[in-house]
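These notes are about the structure you will find just below.
The values are calculated or read from the model by the stated rules, or taken from the named source; none is laboratory data. Everything numeric here is computed off the predicted structure, so don't read it as measured data. Cβ sites come from the backbone with ideal geometry, for glycine too, and all protein chains shown count toward neighbours.
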Amino acid sequence: MEIIKSVKQLQQTAEQLRQTGKRIGFVPTMGFLHEGHQALMEKARNENDILIVSIFVNPLQFGPGEDFDTYPRDEERDVQIAKDKQVDILFLPETEDMYPDEQAITMRVVRRVDVLCGKSREGHFDGVVAVLTKLFHLAQPHRVYFGMKDAQQVAVVDALVKDFNFPLEIVPVATVREEDGLAKSSRNVYLSNQERKEAKEIYQALLHGKQLIVDGEKNPSTIVKEVEDFINKRTHGKIDYVELLTYPELNTTTVICRQVILAAAVHFEKARLIDNLVFDQSGFISEGL
């Protein structure tokens, strides 16, 4: 495995690989790699000639008071995981190399962001699309892999790729879960023992909401209320949101007649957990786009 820290070197290397006809799979991450990241790497490894993984905690996507400084980091462990997953190139840039000067041009996402996490994290997805635009130009991938745990991010990246005609394919990968259903997340380490026991109920609440639709309930407001009640009765967490929207457009809907996302975010003392299900009116769970 080659470790590259230079922006210029990654771009030159990727260009050379493409010239030789190699198919590049790319997994962008913020590190502290868990089983969800590893599932992305495994799928990308199986589907491409070259696997590039980036680890960069992007300051542009953290708002005031968010956990940029305390975001979990463990570079030594991440490097070993990348080696174990047969990563060809691990990109570990410094912030000063990614953003050497104050940006003269900024990006703003105007659709698919006024709901779910985007509603309470103003500017977050502006930072996401800015860093991904840079990373797409640097790694020059044919396919890019994202976990469906952050389904809103997948929807926003889908819009970025389509609006700006990036010559790449987005590959959504199903959420990786613990045995009890809790979605894998770097932030799970912040849960107390009691919170960890309760956190699994978020996924169960979403399954309950999906079953209501399968059983014939078509009123989104009723389904959302049922999911909220389920979470409130079984956890001490504070609900940030529960929403039911079309997917990937993320529009409100009055009738369940096509693919939708049922998503929730819940605050515990030191961790904010998100989860979702994407499915059609028959209850068939999709991997996304």
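Summary of values
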item	result
Matching residues in the stretch 96-146 - criterion: being polar (S, T, N, Q), more than 18 Å from the chain's Cα centre (by Cα) and either modelled with pLDDT of 95 or more or at positive phi (or both)	140
Every pair of residues 6+ apart whose Cβ atoms lie under 6 Å, when the first sits in the stretch 1-13 and is closer than 15 Å to residue 141 by Cβ and free of Cβ contacts under 8 Å to residues at least 12 places away in the same chain while the second is surrounded by fewer than 16 Cβ atoms within 10 Å (Cβ to Cβ) and not charged (D, E, K, R)	none
Count of residues meeting criterion [assigned to a strand (DSSP E or B), under 16 Å from residue 155 (Cα atoms) and not aliphatic (A, V, I, L, M)] in the stretch 255-288	3
Selection status of residue 228, modelled with pLDDT under 95 and surrounded by fewer than 17 Cβ atoms within 10 Å (Cβ to Cβ)	no
Which listed residue is farther than 23 Å from residue 149 by Cβ, buried (at least 20 other Cβ atoms within 10 Å of the Cβ) and among the β-branched types (Val, Ile, Thr), from 55, 89	89
Identity of the residue in the stretch 254-289, farther than 19 Å from residue 178 by Cα and among the aliphatic types (A, V, I, L, M), that ends up surrounded by the fewest Cβ atoms within 10 Å (Cβ to Cβ)	255
Identity of the residue in the stretch 160-194, in a helix (DSSP H, G or I) and without any contact (Cβ under 8 Å) to a residue 60 or more places away in the chain, that ends up surrounded by the fewest Cβ atoms within 10 Å (Cβ to Cβ)	193
